[in-house]
Amino acid sequence: MLFLFLHLSITLGGFAFFWFRFRNQPELSELSLLQILEKSPKRLREVAYGVFFFSFLSFLLLPLSLGFSVYLHTDANVLVVVVWIVWTYNWCKYTFWRE
């Protein structure tokens, strides 16, 4: 359970750091969050995009940390991994491959 709280704090802390530190930059203030996320893998060397992208990756790993902290001693680990695969696929599909 401690790992889950640590993971949540890293994820929310990364998004909060991005929002309060980099959101007022002229280049980023014109874009929506999905547009920033769409550009971030191509511009990882810039600190603002890197912070946002790694916070999003941490967000994608949330079902794994939640599931493994709750269901670690049961046989439901397979369901946790399947839910995580569906979660990640849908978020990536609607984030990076939008038309």
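The values are calculated or read from the model by the stated rules, or taken from the named source; none is laboratory data. It should be emphasised that the depicted structure is a prediction, and the values quoted were computed from it without experimental measurement. FYI the Cβ positions are ideal-geometry reconstructions off the backbone, even for glycines, and counts take in every protein chain you see. Ligands, DNA and RNA are excluded from the accessible area calculation, which covers all protein heavy atoms including side chains. Shrake-Rupley method; radii C 1.70, N 1.55, O 1.52, S 1.80 Å.
Looking at (1) open to solvent by 70 Å² or more (accessible area, probe 1.4 Å); (2) in a helix (DSSP H, G or I), which is the one condition that is false for His73?
All conditions pass for His73, except number (2).
Within region 40-67, count every residue that is open to solvent by 70 Å² or more (accessible area, probe 1.4 Å) and either touching a residue at least 40 places away in the same chain (Cβ under 8 Å) or within 13 Å of Phe22 (Cβ to Cβ) (or both).
6
Residues Leu8, Leu12, Leu4, Leu28: which one is open to solvent by 70 Å² or more (accessible area, probe 1.4 Å), in a helix (DSSP H, G or I) and not basic (Lys, Arg)?
Leu12
Looking at (1) of a type in the set (Asp, Glu); (2) more than 27 Å from Leu4 (Cβ to Cβ); (3) modelled with pLDDT under 80, which one does Glu46 not meet, given that it meets all the others?
(3)
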